[in-house]
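No value in this document is a laboratory result; all are computed from the given coordinates. No experiment lies behind these values; they were computed from the predicted model shown. Every residue, glycine as well, gets a Cβ built from its backbone with ideal geometry; the counts of neighbours run over all protein chains shown.
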Protein chains: 2
Amino acid sequence: MEQSPVFRLCEGATARRAGVLDRWLAGRLQAVIEPAAVRLELWDGTCSYAATHPPIGTLVLRDRRTLIGLLVDPDVWFGEAYTAGDLEIRGDIGVVIEALSRIALGAPTLKERIRGALAASNTLASARRHVRHHYDLGNAFYEQWLDRDLVYTCAYFPQRDMTLEEAQHAKFDLICRKLRLRPGESVVEAGCGWGTLALYMARQYGVRVKAFNVSREQLAYARARAAREGVADRVEFIDDDYRNVKGKYDAFVSVGMLEHVGARQFAAMSDVLRRTVRHSGRGLLHFIGRDARRPLNAWILRRIFPGAYAPTLAEVAERVLTPAGMSVLDVENLRLHYARTLAHWRQRFASVEDSVRAEYGAAFQRAWELYLAGSQAAFGTGWMQLFQVVFAPVDTPPPYWTRADMYAPQDHECTASTR
Amino acid sequence: MEQSPVFRLCEGATARRAGVLDRWLAGRLQAVIEPAAVRLELWDGTCSYAATHPPIGTLVLRDRRTLIGLLVDPDVWFGEAYTAGDLEIRGDIGVVIEALSRIALGAPTLKERIRGALAASNTLASARRHVRHHYDLGNAFYEQWLDRDLVYTCAYFPQRDMTLEEAQHAKFDLICRKLRLRPGESVVEAGCGWGTLALYMARQYGVRVKAFNVSREQLAYARARAAREGVADRVEFIDDDYRNVKGKYDAFVSVGMLEHVGARQFAAMSDVLRRTVRHSGRGLLHFIGRDARRPLNAWILRRIFPGAYAPTLAEVAERVLTPAGMSVLDVENLRLHYARTLAHWRQRFASVEDSVRAEYGAAFQRAWELYLAGSQAAFGTGWMQLFQVVFAPVDTPPPYWTRADMYAPQDHECTASTR
């Protein structure tokens, strides 16, 4: 991750006393965060928390620059300052971030609308660059804290005490059931990560898969696994953009990719669906979504996911599926499963934070700590949604009569309700 | 149902020979319907069907006026002419209508867009008038061909060979499970028909229900049933518009009502949800929907459902749920279940068509025959959708962790998959 100038500022911080202006500004900021029961403390210990209930945590600011930054552009400055160490969080970072997320729930701000309107389109080149920014950090980095199969998307926990590995497999199985995959069918996967779903579908459901990705590190890893698992004849990993998918398939699947497409490319995405889903086919989109149209948090966009956009269900229905001639058959919101997935990731990340800090630097470790905590809070509070949408060509009968067999025990075993 | 001038025209039809102009016009119309393998025959037996495969049915036109009407404004004239007897369908009316529906699938026409833009808003008064147009035809009419509980919405057939009565109860139970109703909770129902769902929820799930409707015939019937079933203390039937719902409820439910709200009243509908769903609450909308924004068939709008509009999922998400601060949790498309429901209704309607004709006249019987056949075709082909949407306030945890227990056998019985 590139170093921003702000990362180098913390050395210059001084412990000088807060002045009248500082106290007045701190009062304004304290008023904003007090409904979340979060206390603000300045560099000299000054604090104006006035609520009668005890605070759940404290934000400690190291200098005036951070104070002003948080007032002027909180979306960006919170992440930048925490990353640089100019903002400390006392108390449980997850609890504090979740409380701050709750008070931020509401209609998009003017600034967000403007940012949304100005967002650049993802060309073939910038899409490749953006994906590499995040996913080519090195397999070794992700291997430290993802599950053993390197699945970097929302898992599904039909039993709440499942391990992360089990929950990722349960997610794959839910997707295959929703798609009603049958042996011998052809599947195209747009954005295949380290290839785990593609390999799972070929192994467990006997389908042939073409899986697209533009992250070279991930593709190399996926191809090696396909060879090792003896399914290289049924799973082809292709180094290309989803817009270049050719051919017709029985099923289209995309997990955690639509967020990277960007709103300006929805017509291109729609065109891919129209071209590649057979008349008798169907598809599934699994993506991070929103209730209202708004850009991602500005800091996340700058530091973590450049070019990303989490669409509303309405945008996906109207701008991706309808122009492709697709009907929506089934939608499931799994946001609480993403919050649980992130809790697992945070726990694992925390257990390796020393080695991450040693290898990638303190700012990098702090940025990722904040990103994971912020994401858990976002899915836990309803700030972000996780949608799975099943669709089929409008004049094709839906692939299932009811959803019951998505939930039927396999081999007709009798099990109790899983709630 | 009011009599249109066209209903009285058939007496004047003559058997004169088709001229050159008639044959030329018939050729144009035959070209349009030939992909559906439907043959066109003029009043003197003239026919220009040229396909090599045999036709699945024939449209027989009685006069030039009908021929021109079908070319100029097919949406309206087809229904008008069939109702008046100026258009006969030889062969299975259901098969012919379904085939014609398939060739009509496509983007909205300019005429449809203009009609959509010009659609009048449903005021409190016009909403009441429109509902009465259809639902106050007389309970005796509906009792002849609906199920014994008078349920006039899409049923749900978890087993394909269920009776219509069983399938309506299965639909109610699916709705109650999707809403996770618990004894003692309060439910508001907007548009309650003859009250069957309200009574079912109170009886089977122990909830208190306030059910709104503006059809007096339906309300009188529903109140009598509540008294007879001994649940009048838990179910209140209220003669008022959904926009006048007061109070806060644990659950909001509306089945087959949103279609009658009209696109211009979505903000009002949204406001009702915002006002009436408790913070810990949730709701379900069950409605006829479309893939793309377009008005209902013009004849259906004129003769069967004045003021109605079947929205897209995107419109409901963006214009009803998002402004109400609601997140979409679950969507299911049940269009094939509606096609099956309509097949049941058509069978029952056909068995009483003589008495309907005797009591309401031939034009009325033909209009309803066509409306039911057209609806079955629309849901069967994908021209129309049936959506069930579950939602909850954005900052409230979804009422369920997985959907599995919607499909768990009750009392943990072990049953085979129901497909």
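Some points to look at:
- Each other copy places its own label point for residue A:160 at 3.9 nm from this one, sorted shortest first, where the point lies 7 Å along the Cα-to-beta carbon line.
- Subtracting the Cα-Cα distance of residue A:148 and residue A:264 from their residue separation scaled by 0.36 nm leaves 38.3 nm.
- Neighbour counting of Cβ atoms within 10 Å sorts the residues A:210, B:248, A:178, fewest neighbours leading, into B:248, A:210, A:178.
- Förster radius 56 Å - calculated FRET efficiency between residue B:137 and residue A:123 (Cβ-Cβ, nearest 0.05): 0.40
- Electrostatic dipole magnitude of chain B [Cβ: Lys, Arg +1; Asp, Glu -1; Cα centre; debye, to 20]: 860
- The modelled label-to-label distance for the pair residue A:17/residue B:292, using points 7 Å beyond Cα in the direction of Cβ, is 7.2 nm.
- Going from the fewest other Cβ atoms within 10 Å to the most, the residues B:52, B:123, A:322 appear in the order B:52, B:123, A:322.
- Farthest toward positive dipole pole in the stretch A:5-104 [+1 Lys/Arg, -1 Asp/Glu at C-beta], among A:47, A:85, A:32: A:47
- Over the protein assembly as shown, the alpha carbon radius of gyration divided by the compact-protein estimate 2.2 N^0.38 Å works out to 1.06.
- 7 Å along Cα→Cβ, label-point gaps from residue A:279 to other copies, nm, shortest first: 5.4
- When each of the peptides B:267-273, A:255-261, A:191-197 is scored by the mean number of other C-beta atoms lying within 10 Å of its residues, the order from highest to lowest reads A:191-197, A:255-261, B:267-273.
- Placing pseudo-labels 7 Å out from each Cα toward the beta carbon at residue B:248 and residue A:72 gives an inter-label distance of 4.1 nm.
- The residues neighbouring residue A:196, those whose beta-carbon lies less than 12 Å from its own, together hold a net charge of -1 under the Lys/Arg +1, Asp/Glu -1 convention.
- Considering only A:155, B:124, B:382, and ranking their Cα positions along the charge dipole of the protein assembly as shown that arises from unit charges at the beta-carbon of Lys, Arg, Asp and Glu, the one farthest toward the positive end is B:124.
- Fully extending the segment from residue B:354 to residue B:163, taken as 0.36 nm per residue of separation minus the present Cα-Cα distance, adds 66.4 nm.
- Exposure proxy order (Cβ contacts within 10 Å, fewest to most) of A:229, B:41: A:229, B:41
- Alpha-carbon centroids, the stretch A:40-64 and the stretch A:80-100: separation in whole Å: 12
- For chain A, taking Cα atoms only, Rg and Dmax work out to 22.8, 73 Å respectively.
- Net charge over other residues, Cβ less than 10 angstrom from the Cβ of residue A:169 (K, R count +1; D, E count -1): -4
- Using a Förster distance of 35 Å, the FRET efficiency for residue A:240-residue B:103 (Cβ separation, nearest 0.05): 0.40
- Column: log10 I(q)/I(0), Debye, Cα scatterers of the stretch A:293-419, q = 0.22 Å⁻¹: -1.26
- With K and R counted +1 and D and E -1, the other residues having a Cβ less than 13 Å from that of residue A:228 yield a net charge of +1.
- Lysine pairs in the protein assembly as shown whose alpha-carbon atoms fall under 13 angstrom of each other, counting only those eight or more residues apart or on distinct chains, come to 4.
- With respect to chain B, whose longest principal axis is taken over its alpha-carbon atoms, helix B:196-205 is tilted by about 30°.
- Computed from label points 7 Å out along Cα-Cβ, the spacing between residue A:302 and residue B:47 is 7.5 nm.
- Counting only Cα atoms, the stretch A:5-104 measures 35, 27, 22 Å along its principal axes, largest extent leading.
- Here the stretch A:329-370 and the stretch B:296-353 have alpha carbon centers that stand 43 Å from each other.
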